[in-house]
Amino acid sequence: MANSQNVIAATVPAGSAAVFAAPLGTTMPTDAEVALDAAFVDLGYISEDGVTNVTNKETTKHYAWGGDVVKTTLDRYTETVRFALLESSAATLKMAFGEDNVTETPAAAGVAGKVTVKHSSLMLSRQVVVIEFIDGDLAGRLLVKEGQVTEIGDMTYTNTGLLMYDLTVDCFKPADGSDAVEVYFKTPALPEAATVRRPAEAKA
């Protein structure tokens, strides 16, 4: 039976972030509720376009004499996650350009902070990426077990738009052979069953 309560319009959890990253080897969540390991870094605001998860299956159709399709085989399977970071903090810049390419001197009393970013041609390291979303009492969590930033969109410096870092993250299967991406959902609890009270027996 159709149930509109299962229809999701994903948004950011209230008072929380949506996208987190952590080094490989960090304990990964196994459902939509468990608290994230302290190693996960909050990547701040994401653009209004949210997060796009793309799966791509390239297949070949095989035909019998006469033209009937008799088999479809999988040639390639790829999966990516895409989102745009809005903040130019050290954490987001490390996600976009790599841990080794960003140096930070934190601000102190009366002293301004400094961040330096190197635009290196080297490929970035893989890491764990978690994306969280809610819709009322529904909640979800998308886990990328090994994600690598492979593309960054054009960065536009203008007074009429936002400077953002539009990232494409390729998703890889870990060494244990498990799937590269898992998505967990939390559904609302059912109401407790009403207590049935029997009428008091009539006194004799």
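Structure summary
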read-out	value
Subset of region 12-49 that is charged (D, E, K, R) and in a loop (DSSP other than H, G, I, E, B) - its residue that is nearest to K173 (Cα to Cα)	D31
Single match in G44, G67 (criterion: at pLDDT 95 or above, of a type outside the set (D, E) and at positive phi)	G67
So A9, is it in a loop (DSSP other than H, G, I, E, B), touching a residue at least 60 places away in the same chain (Cβ under 8 Å) and under 24 Å from the mean Cα position of the chain (by Cα)	yes
Matching option when the condition is of a type in the set (K, R), under 30 Å from P188 (Cβ atoms) and modelled with pLDDT of 95 or more, among R82, R126	R82
Residue that is farthest from M95 (Cα to Cα), among those in region 166-187 that are surrounded by fewer than 16 Cβ atoms within 10 Å (Cβ to Cβ) and among the acidic types (D, E)	D176
In region 147-161, the residues that are surrounded by fewer than 16 Cβ atoms within 10 Å (Cβ to Cβ) and under 22 Å from the mean Cα position of the chain (by Cα)	T150, E151, G153, D154, M155
Residue ID - surrounded by the fewest Cβ atoms within 10 Å (Cβ to Cβ), chosen from residues in region 34-50 that are among the aliphatic types (A, V, I, L, M) and closer than 29 Å to P188 by Cβ	A35
Filter result for the condition that a residue is among the β-branched types (V, I, T), out of contact with any Ser or Thr (no Cβ under 6 Å at 6 or more places or on another chain) and in contact (Cβ under 8 Å) with a residue 24 or more places away in the chain, over T27, T78	T78
Residue that is surrounded by the fewest Cβ atoms within 10 Å (Cβ to Cβ) [pool: residues in region 51-105 that are aromatic (F, W, Y) and within 26 Å of E182 (Cα to Cα)]	Y77
Residue count for region 82-112, restricted to those that are among the charged types (D, E, K, R) and in a helix (DSSP H, G or I)	3
Selection count where residues are in contact with a helix residue (DSSP H, G or I) (Cβ under 7 Å, 6 or more places away or on another chain) and surrounded by fewer than 13 Cβ atoms within 10 Å (Cβ to Cβ), scope region 8-33	0
Residue match in region 125-134 (condition: among the acidic types (D, E) and part of a loop (DSSP other than H, G, I, E, B))	no
Flag if E192 is modelled with pLDDT of 75 or more and surrounded by 10 or more Cβ atoms within 10 Å (Cβ to Cβ)	no
Residues of region 24-62 that turn out to be closer than 22 Å to T78 by Cα and not hydrophobic (A, V, I, L, M, F, W, C), as a count	12
Test: residue in region 82-105 that is in contact with a helix residue (DSSP H, G or I) (Cβ under 6 Å, 6 or more places away or on another chain) and of a type in the set (D, E, K, R)	yes
Matching entry among V117, V81, V70, V102 (being within 24 Å of E151 (Cβ to Cβ) and in contact with a Phe, Trp or Tyr (Cβ under 7 Å, 6 or more places away or on another chain))	V117
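The values are calculated or read from the model by the stated rules, or taken from the named source; none is laboratory data. Please read all numbers here as calculations on a predicted model, not as lab measurements. All Cβ positions, even for glycine, are placed from backbone atoms using ideal geometry, and neighbour counts span all protein chains on display.
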